[in-house]
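One structure is given here, and the rest of the page talks about it.
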Amino acid sequence: MTGSQEHPGTGVTIRGEKTRPVNFTELGRALGIENPRKVNPWNLEETEKVIREEIEKDSPSLIVSEGPCMLLRRAFKGRREPLVVDSTRCMGCKACVQLGCPAISFHPVEGEEIRTRDGKKRKGVSAIAPDLCPGCHLCYQVCKFGAIQSQEEKPMFGFETA
């Protein structure tokens, strides 16, 4: 589910009536899945590890991805602040852009900006629009260069975001 709509696991019908929620892991067991697994979709490392393990099995698998929609801020304890991109560390690999997050954009670079602070070439840099960033930290998890940081670690990124 993409979030915030009722489904059999919420315990609420489409008409808003309370009902008994479906336990998908128990349903999987009832259908013959020996070891259904649950993952937290906000933990990419764990999710990828479980998917790899289940793909290797010769028997049927079930992975239940269970976590609140990031757009429902009330579902998260405390408010996560928007992240920012340190343009001196961004290599322009676009790993964060490939997440499909509407807060992340990519900007081509020219001239002196074409190199990182350690002299490596790049085609552009990513930027995060703070007004669109839900603070889910998925981009932080995929950035292998440490370019995505909390606002406390680095001042706001300088590029204009549209």
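All of the numbers you see were taken from the coordinates with simple rules; none came from a lab. Please read all numbers here as calculations on a predicted model, not as lab measurements. Cβ sites come from the backbone with ideal geometry, for glycine too, and all protein chains shown count toward neighbours.
For the cross-link pairs LYS57/LYS120; LYS57/LYS121; LYS38/LYS123; LYS38/LYS144; LYS49/LYS94, the ones whose C-alpha atoms lie over 31 Å apart are LYS57/LYS120; LYS57/LYS121; LYS38/LYS123. Whole-Hz Karplus values for region 47-55 come out as 4, 5, 4, 5, 4, 4, 4, 6, 5 Hz, taken residue by residue from phi with 6.51 cos²θ - 1.76 cosθ + 1.60 and θ = phi - 60°; glycine and proline positions read x. Remark: region 128-138, residue by residue, has Karplus-estimated 3J(HN,Hα) of 10, 7, x, 6, 9, 6, x, x, 6, 6, 5 Hz, where x stands for each Gly or Pro and the curve is 6.51 cos²θ - 1.76 cosθ + 1.60 at θ = phi - 60°. Amide H to amide H distances under 5 Å link VAL12 with HIS7, THR19, where only residues 5 or more positions off or on other chains count and H is placed in the peptide plane.
For ASN43 and GLU81, the FRET efficiency from 1/(1 + (r/R0)^6), where r spans their Cβ atoms and R0 equals 25 Å, is about 0.85. Were the residues from LYS94 through ARG15 laid out at 0.36 nm apart, the gain over their Cα-Cα distance would be 24.3 nm. Each label was represented as a point 7 Å from its Cα along the Cα-to-Cβ direction; for GLU26 and PHE145 these points are 4.9 nm apart.
Loop-located GluC sites (Glu not before Pro) across region 1-51 with a Cβ neighbour count of 16 or fewer within 10 Å are GLU6, GLU17, GLU34, with loop assigned by DSSP.
Net charge of the neighbourhood of LYS123, taken over other residues with C-beta under 14 Å away and scored Lys/Arg +1, Asp/Glu -1, is +3.
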